[in-house]
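Trainee: Just passing along the structure, written as structure tokens.
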Amino acid sequence: MVPANHLVWLFASTFLPASVVTETQPLTHTQRAAIWTGTGIAAAALYLLGCLIFPYSNCTKCAGTGKSRAPQGKAFRNCRRCKGTGRRTRIGRRLIDHHRRNR
Ligand SMILES: [Zn+2]
């Protein structure tokens, strides 16, 4: 399954710069930089919005299962990194939480 915010990412990175650049042909270096800066900020804003709606990602250690499997058999223990939850707080969400706590 592809999360909706990933589609937004794709949209922001392909469509936005192309539409602005092709519309007006001769661009100065500063204008070009301004467009890319604006696109970057927009992409970052979309990413943060995504992190607000979907704060978690799969734990990288256990791939979201929350289990650390024994070499053989059915035995397992809680994944140490996520303590068995199977989830990892995304970087953007951590930034948001940090900002909220310090307000
Ligand atoms: Zn884990």
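Trainee: For every other residue with a beta carbon closer than 10 angstrom to the beta carbon of residue 58, add +1 if it is Lys or Arg and -1 if Asp or Glu, then tell me the sum.
Mentor: Local net charge: +3.
Trainee: Here's another thing I want to ask about it. Report the percentage of all Cα-Cα pairs in the stretch 56-103 whose separation exceeds 14 Å, rounded to a whole percent.
Mentor: The share of Cα pairs beyond 14 Å in the stretch 56-103 comes to 56 percent.
Taken together, the values in this text are just the output of simple stated rules run on the coordinates, not laboratory data. Keep in mind that what you see is a predicted model, and the values were worked out from it rather than measured. Note: ideal-geometry Cβ built from the backbone for every residue, glycine included; neighbour counts use all protein chains shown.
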